[in-house]
Structure formats: structure tokens, C-alpha cells
Amino acid sequence: MPGKVANMPPMKFAALPHENILFPVPYAENEEHKLIITNQRIVQRSAAGAVEVPTKEVHTVARQMIRPRLAAGVMLLCLALPLAIFGAYEMYSVWGMTAAGPLSLFGVQEEVDPNAPPAPAPAAVDVPEGEDAVDWPKTVLLTRIIGAVCLLAALGSAIGARRLVKKKRYFVICRAPKRMVKIEAKDEIQQTMIMVTVSAVKGKAPPPK
């Protein structure tokens, strides 16, 4: 008979006398809360253990916002800029010139109707000096493909850079003598809620027993 796996219930918060839970609201006893703020203490739980600071010892509360992926976003943006410039230059250098068909890159000759009039040769103005008039349309096609690929890569890098730069993490810093608690919030609204709650009880001693 297979053994049964015991489900460990979440650790309950033991409130002290005259202690009221201010965050989170509403407070569910059957759920695990990583952060609990009362009128007497701040309790932060993590996999490494629990950190507890009496609210009467907290003398400073500040907010902090960081962009953890800012460096990667700047690197992508620096990559997108030269790609965009090079791609635009490649496209502009062959703008308006006659290009070969896409199948010519694979050595496939397009079928020509025997009854159709012969196609005109590339105009002399399209072919730079020293270039072969027959191979030049294929060069124009390759140049356009390279330019388009560079522009698409620049666009993708710019979009990726924007997403990385927009990524934010919010913290509330609570300072007490000889210790500090760094509380992470899921968004700016929760950061404000935590900061207002801690500010309302910081430096205040619990009521007499």
C-alpha cells in the first residue's frame, strides 16, 4: 500500500496581545503570507526564514524602484541603432534600381514566353562603373534583402529593448537601528499601500499590557 504524503498546513501567524493585523487586508489565516504588518511589528517570511522588526524601532521608511534589466535593454538598443542605419543605407543605395527575380538566387531561371518581346537590358544608369550589367540585378536583389533583414532585426531589437527597460521592481525600505528590512511589492499600488501602512505605525510603541 503506497504511503500517504502529508500536506503541511501553512504556518499560522500568532498575534500578540493588543496586536492588530494591518496588512494584508483582508487577512486569511489559512493562506501563507510573505509579509504581515501589524501595529506592533513587521514580519517578512521567505525560504531562508523569517525576519521580524518591531514597529517602534523603525525610524525611516522609503520607496525604491529599480529596473533589473536596464543594462540588457541598453545593449539591445545599442545593437538596434547601427542595424537600422546600415539597413537604411543598403536600401537607399539601390533605391529605384532594377533587381533580379528571387529565384535567381537559387540558380533557377524564370520561364520566358517565347512569344513575348525580349526583356530590355538594365539601363546604363542603373549599373555602376566597373560592374557587370548581367550580374548587377542579382547584386541589387541581395542588397535589398540584406537591408530588409537588418531593418527587421533593428525593429525586433528595439521592441525587445523597450520591454526590458520597462520591467520594474518595487521595494519599500524600512530602517531600524542596526537592521534594515527590504520589502518587495508586486506593483506600485501595493508599494504605496505598504509604505503608508508602515509610516502610520513606525516609531510607535505597543499599548501597555
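Just so you know, all these numbers are worked out from the coordinates, no wet-lab data involved. Note that this is a predicted model, so its numbers are computed, not measured. Cβ atoms come from the backbone with ideal geometry, glycine included; neighbour counts cover every protein chain shown.
Across region 174-181, rounded Karplus estimates of 3J(HN,Hα) from the backbone phi angles (6.51 cos²θ - 1.76 cosθ + 1.60, θ = phi - 60°) give 10, 9, 10, x, 6, 7, 8, 10 Hz, Gly and Pro being marked x.
Given R₀ = 35 Å, FRET efficiency for residue 51-residue 167 by Cβ-Cβ distance, to 0.05? Provide the component values of the computation, followed by the final result.
Numbers: r = 26 Å, r/R0 = 0.74.
The pair residue 51/residue 167 has a calculated efficiency of 0.85.
In this structure, residue 25 and residue 153 have a Cβ-Cβ separation that, at R0 = 45 Å, corresponds to a calculated FRET efficiency of about 0.40. For residue 58, the residues 5 or more places off, or on other chains, whose built amide H falls under 5 Å of its own are 203. Couplings 3J(HN,Hα) of region 151-156, computed from phi: 5, 5, 5, 5, 5, x Hz, in residue order, whole Hz [Karplus 6.51 cos²θ - 1.76 cosθ + 1.60, θ = phi - 60°; x for Gly and Pro]. With 22 Å as the limit, the listed pairs 12/202; 12/204; 34/168; 166/202; 12/34 have 12/202; 12/204; 166/202 beyond it between alpha carbons. Our coupling estimate for region 183-198, obtained by passing each phi through the Karplus curve with A = 6.51, B = -1.76, C = 1.60 and θ = phi - 60°, is 9, 8, 10, 6, 7, 5, 5, 5, 4, 5, 4, 5, 5, 5, 5, 5 Hz, Gly and Pro reported as x.
For residue 38, what residues show an amide H to amide H distance below 5 Å, using hydrogens built from the backbone and excluding near sequence neighbours? When sequence neighbours closer than 5 places are left aside, the close amide H contacts are 22, 43.
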